[in-house]
1. What tally of residues in segment B:18-43 results from selecting those that are in contact with a strand residue (DSSP E or B) (Cβ under 9 Å, 6 or more places away or on another chain) and closer than 18 Å to residue B:97 by Cβ?
2. Within the bounds of segment B:112-124, is there any residue that is buried (at least 20 other Cβ atoms within 10 Å of the Cβ) and farther than 25 Å from residue A:8 by Cβ?
3. May I ask you to verify whether residue B:89 is in contact with a strand residue (DSSP E or B) (Cβ under 6 Å, 6 or more places away or on another chain) and either over 28 Å from residue A:8 (Cβ atoms) or surrounded by fewer than 17 Cβ atoms within 10 Å (Cβ to Cβ) (or both)?
4. Among the residues of segment B:64-123, write down those that are within 14 Å of chain A (Cβ to nearest Cβ), closer than 18 Å to residue B:33 by Cα and in a loop (DSSP other than H, G, I, E, B).
5. Of the conditions (1) assigned to a strand (DSSP E or B); (2) within 17 Å of the chain's Cα centre (by Cα), residue B:43 satisfies every one except a single condition; which number is it?
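Throughout, read-outs are computed from the coordinates displayed, never taken from laboratory work. No experiment lies behind these values; they were computed from the predicted model shown. With ideal geometry, Cβ positions are generated from the backbone for all residues, glycine too; neighbour counts draw on all protein chains shown.
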């Protein structure tokens, strides 16, 4: 079990109903963590349409999560 | 310089960052909030960014652009927050010795920024519905009652 700090943006923030939370999880990777959150909160975006960032840098969905990591899931972007 | 701004963008002030005696060309691009997308009347937009990573990824785009085109200066600033029709959402300015590189690099920067930088746009439609652009899922609507929209042009 590790503790991670999540920040939500855009559609994920609205579907979660908050902008940030701290969570204890058994997820070992961003992919596992997203699956856990999606099941709990009903996120509409499937995992393959969401990128992961840890500590303000893009990471692979299978990268290891560590105690205290700041995790952001990035929905499809739409700047401009 | 690539920045996320919560304050309105001032093109004249941004352009003052660019002058250079070696530059013979300056190309700027402005992305404005327009009143329609994919046939739906749009009333306003909300932009949101993951600012620390957006600015890192934006800086990488500018560095890559300098590697691809012989340019001198490059600046891109993207607005976040609630924007009204006609507001300036994004500004790009590029200088180069010659116009070809300045045009090409400016286009490259805005195209890459739209596809890679963690910035999101919610359209608020005239009928009261809303949608996060590019976030609709099959068949259903991500946020509300209009069909999924394709990637939109600024």
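1. Here the count works out to 10.
2. To start, the set of residues in segment B:112-124 that are buried (at least 20 other Cβ atoms within 10 Å of the Cβ) comprises B:113-114, B:117-123.
Subsequent filtering for residues that are farther than 25 Å from residue A:8 by Cβ retains none.
Scanning segment B:112-124 turns up no residue that is buried (at least 20 other Cβ atoms within 10 Å of the Cβ) and farther than 25 Å from residue A:8 by Cβ.
3. Numbers: in contact with a strand residue (DSSP E or B) (Cβ under 6 Å, 6 or more places away or on another chain): yes; either over 28 Å from residue A:8 (Cβ atoms) or surrounded by fewer than 17 Cβ atoms within 10 Å (Cβ to Cβ) (or both): no.
So residue B:89 fails the test.
4. Matches in segment B:64-123: B:80, B:87.
5. (2)
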